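Asks: Dropping a structure here in structure tokens format, bear with me for questions.
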Amino acid sequence: MKKTAFLVILFSLLFAFGLQSQGLNHFVPFTTDYTFDEFGNPDKCGYDAELAKRLLETLGDHWGYGYADLLADLQRWRTSLYVTVDSIGASVQNRAIWELTITASTTPVQPRRTVYIHARTHPGEVQSFWVTDEIINILLSEDAFAQQVREACVFYIIPMYNPDGVELEYPRENANGIDIESNWNKSPVQPEVAVLRGRFQQLMNSDAPIEVALNMHSAYGTVRYFVYHDAVGTSAEFADLERAFIEGTRSYFPGGIQPWNYFISWKSGTATQYPESWFWLNFREKVMALTYEDMNNPAAGQYDRTAHALVHGIMDYLNRGSSAVFSNTNTQPLDFAIAHNYPNPFNSGTTIQWRQSMIGQADIGIYNSVGKKVIAATSAEDFAGDHALHIDMNHLPAGVYFYRLSIGGKAMAVKRMVLVR
């Protein structure tokens, strides 16, 4: 028997007999929720009771960041023009579950794209918060990229989803001794799950539904990775989208984040107990819902670089990042910018928008995932300024497509879009 599995069993037996493990400050009722999913697959974070105990001893009270620390940070974040802080509900012990809303202070012309991030489900995985904290720092900065992100998107962030577990210094559970990460298919669910699920449903019913949902964790290994959901438990289309998102994010931190296939889950079917399960079962390809696992050990670090990769990966996935523009001459790149297509994802047609400073017709080619051109279109307008062209794709199958736009054959830009059914 492997050492880790032995320690998990030993730890569980101690809890079952009501014993308190040395180094943990409180008794946690025995639970098996976090050991395996319904198909017998191992827990996605991994779990080592001895390591959890050592990390608590090394990092100090509440793994180095407690509820009081969060309340102090909330006061600091509130001073930003771009942040609204509110409670979306309460935990078992009636601690507020705080949510940050981060976006530009201006009124958007059209609904902003919605991203949701929640962290610290497992109290001992404090690194999930430290990455999230760096994401917040990026979003609140005044550089050009942050301004672009705020204008394009609204980020909802829960820095501490399980405040009771943090205060009680439980490694994974809430105040009822339940691992709320794997409680989403229970009846009734735990209070924290009910609160977050209700918030998700509220946003999904809004004019700007969630498009990217990151479930922030930190694994007991020594690597950073995403939990990839196999096509058996999702769909071939979603699996393609996952690979694009993960590899796109990883391109900003290639030596840090593992390739998409490092941890493959749902190979036997859709596990129903996780937040990502709820998104998939209810909204399928419309939401890129993934768990990100940072390093949960004393060697962890580079949270700022990880956050940089995550925010840029999200923006690229939403087609809101800067477009690559290429010139086929030796001159400097032309003053030409392609915006996002809207909506995206879409289920029949979408509108491509761009701005050009030169006079010339715009030619648009739509390509499928293997590079075959499936639509060719030309704008009837050739003047300098803002342009938009609606593309009907109702006759095409669902999937990932790319569009290439060129102006007078002198400049070219390529972006990605997603057709869903």
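Asks: Could you tell me the largest-minus-smallest coordinate of the C-alpha atoms of segment 85-144 on each of the three principal axes, in descending order and whole angstroms?
Replies: Projected onto its principal axes, the Cα set of segment 85-144 covers 41, 24, 16 Å.
Asks: How about segment 80-167: which GluC sites (Glu not before Pro) there lie in a loop by DSSP and see at most 13 other Cβ atoms within 10 Å?
Replies: Within segment 80-167, the qualifying GluC sites (Glu not before Pro) (loop, at most 13 other Cβ atoms within 10 Å) are Glu142.
Asks: May I pose another question? Please express the shape of segment 3-317 as an equivalent ellipsoid: the semi-axes are the square roots of 5 times the eigenvalues of the C-alpha gyration tensor, given largest first in whole angstrom.
Replies: Taking √(5λ) for each Cα gyration eigenvalue gives 29, 22, 19 Å.
Asks: Here's something else I'd like to know. For the ranges 179-188, 73-82, 39-48, what's the packing order if you count other beta-carbon atoms within 10 Å of each residue, average per peptide, and put the highest first?
Replies: Highest mean packing first, the order is 179-188, 39-48, 73-82.
Asks: Related question: Rank the residues Thr350, Thr58 as a footprinting-exposure proxy: fewest other Cβ atoms within 10 Å of their Cβ go first.
Replies: Thr58, Thr350
Asks: Using the alpha-carbon centroid of each, what span in Å lies between segment 262-305 and segment 72-122?
Replies: Result: 21 Å between the Cα centres.
Asks: To the nearest 0.05, what FRET efficiency results for Phe39 and Ser357 with a Förster distance of 45 Å applied to their C-beta separation?
Replies: The pair Phe39/Ser357 has a calculated efficiency of 0.20.
Asks: Same structure, new question: Kirkwood-based Rg over Rh for segment 209-313 (C-alpha set), two decimals?
Replies: Value, to two decimals: 0.95.
Asks: Between Ala231 and Arg284, what length comes free when the chain is fully extended (0.36 nm per residue of separation minus the Cα-Cα distance, one decimal in nm)?
Replies: Difference between extended and current length: 17.9 nm.
Rule-based calculations on the coordinates, nothing more; no lab input. Source: prediction; values computed, not measured. As a convention, Cβ positions derive from the backbone with ideal geometry for all residues, glycine included, and neighbour counts pool all protein chains shown.
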